[in-house]
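Notes follow the structure.
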Amino acid sequence: MLEIKNLHVTVDGTEILKGIDLSLGSGEMHAIMGPNGSGKSTLSYTIAGRAGYDVTEGEILFKGQNIVDLSPEDRAAEGIFLAFQYPVEIPGVANTTFLKEALNAMRRHRGEDELDAMQFVRMLREKVKELGISDDMLKRAVNAGFSGGEKKRNEILQMSVLEPALAVLDETDSGLDIDALKIVADGVNRLRNPERSMLMITHYQRLLDYIVPDFVHVLAHGRIQRSGGKELAQELEKNGYAEFTKTDAAA
Amino acid sequence: MNTQTDQILPFAGILEQAAASLPGADLDWVRAMRIRSYDRYVELGIPTVRQEAWKYTRLKTLEDTVFSPYHGDSNQTVDVLPGIHAASGAGVRLVFVNGHFRADLSNQEELPAGVILENLAATMIRDSNWLESQIANPLLGAAGSLESLNAAAMHDGYVLHVAKNVVVVKPIEVVFVGGLSEGPVASFPRNLIVLDEGAEARIIVHQCSAGTDASFSNTVSTVSLGQNARLSLATLQEEGDDATSVSTTQVECARDSAFDSMTLSMGAQLSRTEQHVALAGEGSSCRLDGAYLMRGSSHCDHTTLVDHLVPNTTSNEMFKGVLNDESRAVFQGKIVVHPDAQHTDGRMLNKTMLLSDRAEIDTKPELEIYADDVKCAHGATSGQLDETALFYLRSRGIPEAQARNLLVQSFLGEVIERITDDVLRDTITEKVVGWLPTGGQSS
Amino acid sequence: MSATVETVDQITDLADEKYKYGFVTDIESDTLPPGLNEDTIRFISAKKDEPEWMLEWRLKAFRHWLTLEEPDWQKPKFPKIDYQDACYYAAPKNMKDGPQSLDEVDPELLATYEKLGIPLREQEMLAGVAVDAVFDSVSVATTFKAKLEEVGVIFCPISEAVKRCPELVKKYMGSVVPFNDNTYATLNSAVFTDGSFVYIPKGVRCPMELSTYFRINEANTGQFERTLIIADEGSYVSYLEGCTAPMRDENQLHAAVVELIAHDDAEIKYSTVQNWYPGDENGVGGIYNFVTKRAACRGRNSKVSWTQVETGSAITWKYPSCVLLGDNSVGEFYSIAITNNRQMADTGTKMIHIGKNTSSRIISKGISAGKSDQTYRGLVRMAGKANGARNYTQCDSLLIGDTCGAHTVPYIESKNPSAVVEHEATTSTISEDQLFYLRQRGIDEETAVALIVNGFCRDVLQQLPMEFAVEAQKLVGISLEGSVG
């Protein structure tokens, strides 16, 4: 599904990612963990194609195609979804309007028929019901005045509507209390399926108690330092990231 | 409407009458500056309400009163001199009477090394070249009519120069006493403040009247702040009912410097306080605050212009006032964000409370923006005391008059609390309480 | 479903459109040679077969106009207008005697209006909208006249009203905007050629939206229309105005006057979608839109609501205003102004509170892009007797790119302690975060900009009648094309 090879990324002239190799198969859930400043968010923005994150070396293959030169909207249309750490507020634009436009833009891209207003609303109602989200949230402007928990739930709702092949969840747990975290994790788990890969980026192990990954990678100083199964996360919880910060200091 | 055309221009011929007695008569650059400025003044004339910048303020006294600069002896007795820090004998204070420096009433001691504080006439003698470099150039050409008149007729004022990294801890107080003469008197104070890199100072200016005669003062102050310099300037306008007072302060801020100003206007028949701040260095900031309390038929005008010239500068303005009787207040604030001045943060707030149905407020908070990634906001409100709050206080047993005063105090409190000098803040609070109608706060 | 939902589809459909109204209709026309003097005015008056009093009023205005100097306090500056170089009368030739029915209207003209999206044939009309179409100097067709007359509503060209109900015209014309009000209004009073007249009798709720479309077709022609709307006691009317012009290299002056009068308990809702030709991307050509629009809320509980979407014109300079005379009367101003390329706008409103408990609300959304420059200028005045009056003003600017300007110049004057005035203004831009977020969800950049801008304007778009809201949203998208990226 996703194959990252020797990825080097520079932001404002500083190299942040220094050769990442990562491979996600269909239906797999990977977690990337790492200390602050290790390059976690850079990785998620680079996959999504944000301007200012310059790939100087290496490639990102998505369904076999190198996507490094694609615009963010084309990547989205190909099936890449980024759940933002800080979802952006768009005042005055109703959530429904936004979702309909996003979905139909992708359908157009794929040569599918657009959904008309009735079809769309029917589909949206179902999704909302599945995720236990209130109708009220659909009428409000995108993320404007939403609480931290509402914003994250809104991200999950968008993912369920847009049905991506790859979801990158950037610090989905940040700013959430334990109850909100459970609701969001539940939403993510419902959306797991054999055709969908997920890349979960987090600082803390606690999210992994609710969303259990198949693989865990430790990112520090711009490189994957170690990879393993879910037990790696528990080890990190016990020992912290000290070991990995040291590694680099010695290098 | 424009009566000026059939009237003689006020202060026409002032140069011929006074040239010899004005300081700097022996300096070529001073003479040249006076002549050029006078010509410009004659060309521009006195501002009228037909001009946008003077739409709400009419210099009526200049139409029907003839003011002359004071030429008498400089030895009048002044009964009470205001002072906050200086009153206890602990501070530095410069005193000007009818615009003339009074060494006998001033105290310039106790200043740290690297600080020059003196009157303008003294600077002309001591270091004319430096003075010329500081005030001669920016004046000519673009100056407004009152600034030009000041440059033509300036006779004295204070000069403060603080050397690099010198911090003047104690506030410097400057007192301008007007009206001590027989017949209407005009004065043209000219002040200069230069803080070199990293220097810090605080100035408190008192504008007051001791006599009962009509006075007209037209002040120009030039402030230049070096990198990282900090100046806090407070002006207490408490002149009498016969005073007309206009002042213009030009401030230029270099990188990371900060200019803070607080203006308290509670005196004069008519006062106009105009401030122009140029934020010319990245990281520089200014705060322009003001409180005004007007009664009778007094008129005050606060006009500000902040130019954000480079990226990453900040300005914050808050003017709040209370108007009683037939008084009138004007607030004109303008924030200009120049092209490329990205990441500007500019805020402006003006709130006025009308206590009488004959009072009037005219407000014009302007934004002029030429850069997109900026945060600018302004707000203005006008209204009366909050009846619900008044009822609340009265229901708790506070008599109505006192409750009203409390609400006025709390209204002005928002701006007064921003004063960092405790002594100054307490003094202003006391003045506010003293201004309120009797039955006011009893503590 | 809210109109906003439709936005995106509309914009996408129109992705390739620029100024689609820029065509010129090839119609033989009856045009007065350029020049302005008393004979010009006599000619216009004679063409319109006007009574003597109307001519006298015109001449009075003209003589006054000759004494006036043009104002220069506005932010947009422009070269001096040569009034002798413009034409003051142009009419499609075979309209001389006025069409008796649509069948007599030149088919070419009907086609023009169809291109503009305004079908004049009643059977093709959107149900519930009566249209008066003004082509250069004359009204070419007013639809649904008969139906309106059943309920006593008069909706006709003003040239017809002068003859049909002279008492009403005499009484009200110039009563809100006097002939000597300002340079352009005075010029209009002298040379106005046509426009719409509306009278809603007591207690009548106008059964349909009334609408006028203005079109300047002839080259080198100024358009000076005059609109007069009178809402008698307890009546209601919603009126829409739309404007287009061909693309031409020279600047054309449009100096209209609109007067609204609302009596006791009456309400007038006046909406404008102004899409005059804005000139090209280098600022060549385009309309100078210098219009005086003013409403008098004369009666108790009367209400006037101005809603405007301004996307066109090289220079827009106007302040639709309300004089709130009647106690409890209400004035509203909702505005979206978009400037792109080298367009300039200096627009806003005046709310003059005179009666007790009058209230006003101003919501202004300005969007500047390209090398354009935009000023909001507004006056709120609380007179000494306006006890309990209220005003709320919200004035927001959105800047797109760093070569445009956005300015806010509010004037607030209060002489009444019980009057409450609240004014807020903000400035913002489209953040890179917002754009990336939308693009990550698959929305392309131009659509994303249109979406964000429509969101920014939402408070105002909601005030527009449905048919206009859709058109307005399309315009928002088209006007900003190419402003990002």
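Limited to region C:168-186, what total is found for residues that are among the aromatic types (F, W, Y) and either open to solvent by 50 Å² or more (accessible area, probe 1.4 Å) or closer than 13 Å to C:L68 by Cβ (or both)?
Looking only at region C:168-186, we keep the residues that are among the aromatic types (F, W, Y), and these are C:172, C:179, C:184.
Remaining after also requiring either open to solvent by 50 Å² or more (accessible area, probe 1.4 Å) or closer than 13 Å to C:L68 by Cβ (or both): C:179, C:184.
The qualifying residues number 2.
Number of residues in region B:75-120 that are among the aliphatic types (A, V, I, L, M) and open to solvent by 20 Å² or more (accessible area, probe 1.4 Å) equals 12.
Among the residues making up region C:352-363, those that are in contact with an Asp or Glu (Cβ under 9 Å, 6 or more places away or on another chain), crowded, with 22+ Cβ neighbours inside 10 Å and either of a type in the set (D, E, K, R) or free of Cβ contacts under 8 Å to residues at least 60 places away in the same chain (or both) are C:G355, C:S360, C:I362. Selection within region C:420-444: residues that are more than 7 Å from every other protein chain (Cβ to nearest Cβ) and assigned to a loop (DSSP other than H, G, I, E, B). The member of this set that is farthest from B:T363 (Cα to Cα) is C:S431. Being facing another protein chain (nearest Cβ under 9 Å) and either within 25 Å of the chain's Cα centre (by Cα) or under 30 Å from A:E163 (Cα atoms) (or both) is a description that does not apply to C:L475. Of all the residues in region A:39-98, those that are in contact with a helix residue (DSSP H, G or I) (Cβ under 9 Å, 6 or more places away or on another chain) and hydroxyl-bearing (S, T, Y) number 6.
Only one entry in A:Y241, A:Y210 is touching a residue at least 12 places away in the same chain (Cβ under 8 Å), touching a Gly at 6+ places or on another chain (Cβ under 8 Å) and aromatic (F, W, Y), namely A:Y241. Residues of region B:363-389 that are facing chain C (nearest Cβ under 7 Å) and hydrophobic (A, V, I, L, M, F, W, C): B:L367, B:I369, B:A371, B:V374, B:C376, B:A377, B:A380.
This table checks each residue for (1) away from chain C (no Cβ under 11 Å); (2) open to solvent by 10 Å² or more (accessible area, probe 1.4 Å).
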site	(1), (2)
A:S38	yes, no
A:L43	yes, no
A:I47	no, no
A:A51	no, yes
A:L61	yes, yes
A:D69	yes, yes
A:D74	no, yes
A:F81	no, no
A:Q85	yes, yes
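For region A:78-99, a residue qualifies if it is touching a Leu at 6+ places or on another chain (Cβ under 9 Å) and closer than 16 Å to A:L162 by Cα, and the qualifying residues are A:E78, A:G79, A:I80, A:F81, A:L82, A:A83, A:N95, A:T96, A:T97, A:F98, A:L99.
Any residue that is among the aromatic types (F, W, Y) and closer than 30 Å to C:R458 by Cβ - is there at least one of those in region A:193-211? No, because not a single residue in region A:193-211 is among the aromatic types (F, W, Y) and closer than 30 Å to C:R458 by Cβ. Considering only region B:284-302, state which residues are open to solvent by less than 20 Å² (accessible area, probe 1.4 Å), under 30 Å from B:Q342 (Cα atoms) and in a strand (DSSP E or B). Result: B:C286, B:L288, B:D289, B:G290, B:H302. Every condition in (1) assigned to a loop (DSSP other than H, G, I, E, B); (2) modelled with pLDDT under 85; (3) within 22 Å of the chain's Cα centre (by Cα); (4) not β-branched (V, I, T) holds for A:E130 except the one numbered (1). Of the candidates B:L305, B:L349, the single residue that is in a strand (DSSP E or B), within 21 Å of the chain's Cα centre (by Cα), more than 20 Å from B:R418 (Cα to Cα) and within 14 Å of chain C (Cβ to nearest Cβ) is B:L305.
Kindly indicate whether A:E101 is at the interface with another protein chain (Cβ under 8 Å from one of its Cβ atoms) and free of Cβ contacts under 8 Å to residues at least 60 places away in the same chain. Judged against the criteria, A:E101 is a match. The residues on offer are B:T352, B:T363, B:T388, and the sole one that is closer than 30 Å to C:A406 by Cβ and either in contact (Cβ under 8 Å) with a residue 40 or more places away in the chain or out of contact with any Gly (no Cβ under 8 Å at 6 or more places or on another chain) (or both) is B:T363.
State whether the residues of region B:17-29 include one that is modelled with pLDDT of 90 or more, open to solvent by less than 70 Å² (accessible area, probe 1.4 Å) and on the phi < 0 side of the Ramachandran plot. The answer is yes; a qualifying residue exists. Highlighted here are the strands (runs of 3 or more DSSP E) found entirely within region A:136-251 that include at least 1 residues which are out of contact with any helix residue (DSSP H, G or I) (no Cβ under 7 Å at 6 or more places or on another chain), within 14 Å of chain C (Cβ to nearest Cβ) and on the phi < 0 side of the Ramachandran plot: A:166-170. Residue pairs whose Cβ atoms lie under 8 Å apart, separated by 6 or more positions or on different chains, with the first residue in region C:167-193 and more than 20 Å from C:E52 (Cβ to Cβ) and the second aromatic (F, W, Y) and open to solvent by 40 Å² or more (accessible area, probe 1.4 Å), are C:A185/C:F179; C:T186/C:F179. For region C:364-373, indicate whether the set of residues that are under 21 Å from the mean Cα position of the chain (by Cα) and not in a strand (DSSP E or B) is non-empty. Yes, some residue in region C:364-373 is under 21 Å from the mean Cα position of the chain (by Cα) and not in a strand (DSSP E or B). If you go through region A:107-126 and keep only what is in contact (Cβ under 8 Å) with a residue 24 or more places away in the chain and either within 9 Å of another protein chain (Cβ to nearest Cβ) or open to solvent by 30 Å² or more (accessible area, probe 1.4 Å) (or both), you end up with A:H109, A:R110, A:V121, A:M123. Evaluating B:S356 against the criteria (1) within 26 Å of B:V223 (Cα to Cα); (2) surrounded by fewer than 21 Cβ atoms within 10 Å (Cβ to Cβ) leaves one unmet condition, (1).
Quick grid of which residues meet (1) modelled with pLDDT of 95 or more; (2) of a type outside the set (G, A, S); (3) in a strand (DSSP E or B); (4) surrounded by 22 or more Cβ atoms within 10 Å (Cβ to Cβ):
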residue: B:N228; (1), (2), (3), (4): yes, yes, no, no
residue: B:L231; (1), (2), (3), (4): yes, yes, yes, yes
residue: B:T235; (1), (2), (3), (4): yes, yes, yes, yes
residue: B:G240; (1), (2), (3), (4): no, no, no, no
residue: B:D256; (1), (2), (3), (4): yes, yes, no, no
residue: B:S261; (1), (2), (3), (4): yes, no, yes, yes
residue: B:S271; (1), (2), (3), (4): yes, no, yes, yes
residue: B:E282; (1), (2), (3), (4): yes, yes, no, no
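Among the residues of region C:404-445, the one identified as of a type in the set (D, E), buried (at least 18 other Cβ atoms within 10 Å of the Cβ) and under 30 Å from B:Q384 (Cβ atoms) is C:E413.
In region C:196-213, is there at least one residue being closer than 22 Å to C:T31 by Cβ and among the basic types (K, R)? Taking every residue of region C:196-213 in turn, none turns out to be closer than 22 Å to C:T31 by Cβ and among the basic types (K, R). Applying the condition of being of a type in the set (F, W, Y) and modelled with pLDDT under 95 to region C:214-252 and asking which residue is nearest to C:L32 (Cα to Cα) yields C:F224.
Against the list (1) hydrophobic (A, V, I, L, M, F, W, C); (2) under 18 Å from the mean Cα position of the chain (by Cα); (3) within 8 Å of another protein chain (Cβ to nearest Cβ), the condition A:I90 fails is (2).
The values are calculated or read from the model by the stated rules, or taken from the named source; none is laboratory data. On a predicted model such as this, the values are computed, not experimentally measured, just so you know. Positions of Cβ are generated from backbone atoms using ideal geometry, with glycine treated the same way; all protein chains shown enter the neighbour counts. These area figures cover heavy atoms from the full protein model, side chains too; ligands, DNA and RNA do not enter into them. Shrake-Rupley method; radii C 1.70, N 1.55, O 1.52, S 1.80 Å.
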